[in-house]
Amino acid sequence: MSELAGTPMPPATRRRLNIAPYVAGGVTIFVLVAFLLYPIGTTMLNSFAPAGEAFNVLNATLENFSRFFTSSMYQQALLNTIFIGVMVTVLATAVAVPAAYFVARVQIPFKPLILSLSIIPLISPPFIGAYSWVVLFGRSGIVSQYLNQWFGIQMPPVYGYFGVILSMVLSNFTYVFLFVQGALTAVDPHLEESARVMGASRWRVLRTVVLPLAIPPMLAGAMIVLIEALGEFGAPAVLGGEMYVLSTLMYFQIHGFFNLNAASAIALVNVLITLGAILFLIRVNKKRRFVTVGSTTRRAALQTGRGIRIVANCYVWGLLALALLPQLVVVFTSFAEKWPGTLWPTQYGWGNYQYVFSRVVEPLQNSLILAAVATVACVIFGTLTGYVAERKTFFGKWALDLTIMLPFILPGIVTGVALLVTYNSGPIALTGTALIIVIGYFVRRIAYIYRSVVAAVTQIDLKMEEASTVAGATWGTTMRKVTIPLIAPGILAGAIIVFTTLISEMSTTVMLYSARWKTISIAIYERLETQEISAAAAIGSITILVTLILVLTATRVIGKSMSELFS
């Protein structure tokens, strides 16, 4: 026994050179530089170059930025972007927080269904959902006509601020809703019980304990809403009318004049506004740090009073019905075969589906292929970088995290402009190819997998991997046989989010697509431009159905609900 105890490990085992981490690090650096830092840097530099020229020290100019001081269109687009971004963020937060409180703290039925249905606006095609508000509240809209006939109420024009803000609020409030609902559900009930023991009323407890605890998750959700609002293209393009925002102004410069330098300048201004707003929210959030989850496994008692239950049900289901109304209108419109300017269609049937099935197959295939390839790339790279960031200690670790998360805080249309500017010409010209769309999708969604893996790895005891290494396994073998199987649910959850949100992605796609690689969202946009409304609705309905089937199938595999995936 003593001989066995004193037997040293074989030299080959002790001295084996494990190059896998170094290879992984090299690949990580290459991808980050080639597809993130270089495109963003090129875009920033080219914004200081004259139209049609690449930047160098000799041709540096502020001409592209001077339009913000000389052009009323640029100035108005800038003001519109800021105003809409702030209003959407404030209103989305205002409607989401009460709903989150009611779902978390009041006894109402069908909570899992409520959480699942709240996800649908996030995975629906943006263009056709925005156009649904025209069908409802346009000058000849269904709701507008009835309100005018029955009550003499004249609805405000759906084109302009009203329609854009309404559409964006109801499609983005879910971010705040899920974050706050999850936080309030997990709060240690002893905090509120202690306040009541001290004699505080229910309203005082709500105002001084519950709502302050909801501020950090509320600001986290509001930050995502703000990013989405500042970079949104679909709603302003459909409902903006003559109103420009920075995203539609970028589209106009590229598809109208192919002026990449002017688009780069607009993109840089958009980024500066976004970063300024995010830094403000982070500064506010830093002042409010609380420990909200204690050692107890008990949740706060649900309110069961009849009055509060009636209010909660009416508010939550009313908000949900309003948010899902565009999707219901899309499905209804898809069956309208004849709608000759009357209040309701004069003929219904399956004709629109028969029409689009012969024309939508290729765009749907393109969307599925591009989303699938980008998702696989995100899974491989995100798993690698997420593991390294959590398990390894190295210089510049913070820079890895910041670089991967950078595209998450950039509007999608800015990412599209950056890739278009960088890879439009030169030795690596990718414009018009499927690869540039995949790269755009990849850099926009890598953060989802990265964060999912980091969260999963932190829950795994390091001793399990150390045991594998002591037994003689290489780093690659340990990853393949120990780590990856343990974090597989987290990886799969992130992959589902990435894939489903990419199927109908629009902001990045609208800058990078070509005639050969049109996606389902582009097909919808083209039908709307040619006034083929019912055909666009049929395509939108097919997209929503396919996406829901994919999500529900995948969630059954990993045993998580839709709300858990997206929260």
Highest mean first, how do 501-512, 484-495 rank when packing is the count of other Cβ atoms within 10 Å averaged over residues? 501-512, 484-495
Average projection area in nm² (convex hull over Cα atoms of the stretch 331-414, one quarter of hull surface): 9.4
Number of Lys pairs in the chain with C-alpha atoms less than 28 angstrom apart, excluding same-chain neighbours closer than eight positions? 12
Per residue, accessible area of the chain with a 1.4 Å probe, heavy atoms of protein chains only, in Å², comes to 47
Using alpha-carbon pairs under 8 Å, 6+ residues apart, how would you state the relative contact order of the chain in percent? 22
Pulled fully out, how much extra length does the chain show between A399 and T304, if you take 0.36 nm times their separation in residues and subtract their Cα-Cα distance? 29.3 nm
For the stretch 371-523, take the convex hull of the Cα atoms, compute a quarter of its surface area, and give me that in nm², please. 10.3
For the stretch 342-381, what mean projected area does the convex hull of the alpha carbons give, in nm²? 4.6
Can you list residues from other chains, or at least 5 along the same chain, whose modelled amide H is less than 5 Å from the amide H of G241? G160
Per-residue HN-Hα couplings for the stretch 46-51, Karplus 6.51 cos²θ - 1.76 cosθ + 1.60 at θ = phi - 60°, whole Hz, x for Gly and Pro? 5, 5, 9, 10, x, 4
Between E53 and M73, what is 0.36 nm times their sequence separation minus the Cα-Cα distance? Round to one decimal in nm. 4.8 nm
Once the Cα atoms of the stretch 495-558 are picked out, what are the Rg and Dmax in Å? 13.2, 42
Tell me, what ³J(HN,Hα) does each residue in the stretch 368-383 have, in order and in whole Hz, if you take phi through Karplus 6.51 cos²θ - 1.76 cosθ + 1.60 with θ = phi - 60° and put x for Gly and Pro? 5, 5, 4, 5, 5, 5, 5, 5, 4, 4, 5, 5, 5, 6, x, 5
What is the sum of charges around F257, taking Lys and Arg as +1, Asp and Glu as -1, for the other residues whose C-beta is under 15 Å from the C-beta of F257? -1
Over the stretch 27-115, what portion of Cα pair distances is larger than 20 Å, expressed as a whole percent? 67
Just from its helices, what would the mean residue ellipticity at 222 nm be for the chain, if runs of 4 or more DSSP H residues each count -39500 (n - 2.57) and the sum is divided by every residue, rounded to the nearest 500 deg cm²/dmol? -23000 deg cm²/dmol
Can you quote the Å³ per residue value for the convex hull of the Cα atoms in the chain, rounded to an integer? 205
Length-normalised contact order for the stretch 373-487 - Cα pairs under 8 Å, 6+ apart - percent: 37
With θ taken as phi - 60° and the coefficients 6.51, -1.76 and 1.60, list the Karplus ³J(HN,Hα) couplings across the stretch 423-439 in order, rounded to whole Hz; mark glycine and proline as x. 10, 7, 8, x, x, 10, 9, 10, 4, x, 9, 5, 4, 5, 5, 4, 4
Mind listing which trypsin sites (Lys or Arg not before Pro) in the stretch 483-562 are in a DSSP loop and have 10 or fewer other Cβ atoms within 10 Å? R516
Take the solvent-accessible surface of the protein heavy atoms, probe 1.4 Å, and return the percent of it on the chain that carbon and sulfur atoms account for. 66
So, by mean Cβ neighbours within 10 angstrom, what's the order for 461-474, 126-139 with the highest one leading? 126-139, 461-474
Let me check against my output: what whole-number percent is the relative contact order of the stretch 412-567, with C-alpha pairs under 8 Å and at least 6 apart? 29
Non-local residues with an amide H under 5 Å from the amide H of Y348, with H modelled 1.01 Å from N and Pro and chain starts lacking one, are E337
Search the structure for amide H atoms under 5 Å from the amide H of V106, placed 1.01 Å from N in the peptide plane, and list their residues when 5 or more places away or on another chain. Q303
Loop-resident sites, the stretch 307-408, for trypsin sites (Lys or Arg not before Pro), counting at most 15 other Cβ within 10 Å (DSSP): K392
Using the Kirkwood radius over Cα pairs, work out the Stokes-Einstein diffusion coefficient for the stretch 72-156 at 25 °C and 0.890 mPa s, in µm²/s as a whole number. 150
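The values are calculated or read from the model by the stated rules, or taken from the named source; none is laboratory data. Since we're looking at a predicted model, the values are computed, not measured. Cβ: placed from backbone, ideal geometry, glycine included. Neighbour counts: every protein chain shown. Areas reflect the complete protein model, heavy atoms only, side chains present, ligands, DNA and RNA absent. Shrake-Rupley method; radii C 1.70, N 1.55, O 1.52, S 1.80 Å.
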